[in-house]
Amino acid sequence: MTALRLTVFVGESDMASHGRPLYTEIVHRAHRAGLAGASVFRGIEGFGASSRVHTARLLSLSEELPVAVVIVDAEPRVRGFLPVLDDLLGPDGRGLVTLDATEVHRG
């Protein structure tokens with residue numbers, strides 16, 4: 001089955017408008033939208049638009065580690081969720097959203 005993979009890259013400390021972590025809000029909104037599933041992955045090191053490297057190494061603990069929220073579903077359902085993300089990420093464009101065609105194999 002072909003599908004679309006949506007990945008949202010945000011910082012661990014990014015917050016939604018009402019104080020909930022942004023990655024948590026994305027997952028809960030995806031659930032309410034009836035999408036097939038969503039997973040959150042916490043990075044151990046990375047950098048983004050700020051060009052500052054954030055790391056989980058013991059000597060330089062960071063509260064701004066990279067987080068990726070991954071959602072896979074049929075293309076129309078994923079594309080229908082994009083306006084929700086636009087609202088959550090706001091006009092300042094927090095985060096990076098990527099879309100990739102993918103194949104789902106259920107063994």
Quiz prompt | Structure-based [θ]222 nm, the chain - -39500 (n - 2.57) summed over DSSP H runs of at least 4, per residue, nearest 500 | solution = -7500 deg cm²/dmol
Quiz item: Helix 22-32 versus the longest principal axis of the chain: what is the Cα-based angle in degrees, 0 to 90, to the nearest 10?
Solution: 20 degrees
Quiz item: Which of PRO83, ALA3, TYR23 sits farthest toward the positive end of the charge dipole of the chain, with +1 on the Cβ of Lys and Arg and -1 on the Cβ of Asp and Glu?
Solution: ALA3
Quiz item: Roughly speaking, what is the stretch gain from ALA101 to SER39, that is 0.36 nm per residue apart minus the C-alpha to C-alpha distance, in nm to one decimal?
Solution: 20.6 nm
Quiz item: Dipole size in debye (nearest 20) for the chain around its Cα centre, Lys and Arg Cβ +1, Asp and Glu Cβ -1?
Solution: 220 debye
Practice problem: Rounded to the nearest 10 degrees, what's the angle between the helix 75-89 long axis and the longest principal axis of the chain, both from Cα atoms, 0 to 90? | Solution: 30 degrees
Quiz item: In whole percent, what relative contact order does the chain give with Cα contacts below 8 Å and a gap of six or more residues?
Solution: 44 percent
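Values in this text are rule-based calculations from the coordinates and carry no lab data. Worth saying up front: this structure is predicted, and the values here are computed from it rather than measured. Every residue, glycine as well, gets a Cβ built from its backbone with ideal geometry; the counts of neighbours run over all protein chains shown.
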